[in-house]
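The values are calculated or read from the model by the stated rules, or taken from the named source; none is laboratory data. Just so you know, these numbers come straight off a predicted model, no measurement behind them. All Cβ positions, even for glycine, are placed from backbone atoms using ideal geometry, and neighbour counts span all protein chains on display.
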Amino acid sequence: MKLLKSTLLILLAMGTIGLTLITIGTIAPATPAAAAHHDYVTTPKSIRGTWLARNSTNHFKRRLRITKYTLTVTNYHKNGHKSAATSYTARGNKITKGLGIPSLMASNHKNAKGYWSVGLSQSNDEYLLKKVKHHNRTALRNYYPTFNPKHPTQHAIRYYYRVK
């Protein structure tokens, strides 16, 4: 009888402790600040700034403005006016509605060749950028695919120079 009472008492105590732990784990919600926290996407410090690429033969002109949380790509027509249809700003500190993620995508580390990957998330618009010296000027080297159907793995290089 005494053994039965002590066994029941131990089982009751274990059940109460287990139920208390389960209740604390499920009822205690995360704090509102922790629930609202998002992982922001930041760009690498070495490639931040305003950069401009131009080509005098086909009047190509593109400006990259890279800040801590944004990548702004501005394309220009031959007459020098902005092309609103192909220009955009990707933000790493604002969550895109519907997707639940920022519109900016940036790699955490350089790839094997030293290029940073920065661009739009959920898109194939990506820039592989590396800070280099080109013609004694600081430049960003952009390694990009040419989309040549005869040579699908062919890539080209474009240089963006810093704008003051």
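Table for the structure above
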read-out: Per-region count, the range 85-99, residues free of Cβ contacts under 8 Å to residues at least 40 places away in the same chain, over 14 Å from Y127 (Cα atoms) and under 13 Å from the mean Cα position of the chain (by Cα); value: 3
read-out: Meets criteria (surrounded by 15 or more Cβ atoms within 10 Å (Cβ to Cβ), of a type in the set (A, V, I, L, M, F, W, C) and in a strand (DSSP E or B)) for A139; value: yes
read-out: Meets criteria (in contact with a strand residue (DSSP E or B) (Cβ under 7 Å, 6 or more places away or on another chain) and either modelled with pLDDT under 95 or farther than 18 Å from T96 by Cα (or both)) for I66; value: yes
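Per-residue answers, yes or no, for (1) farther than 19 Å from M105 by Cβ; (2) not in a strand (DSSP E or B):
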| site | (1), (2) |
| --- | --- |
| S46 | no, yes |
| L52 | yes, no |
| T57 | yes, yes |
| K61 | yes, no |
| L64 | no, no |
| K68 | no, yes |
| V73 | no, no |
| G80 | yes, yes |
| A84 | yes, yes |
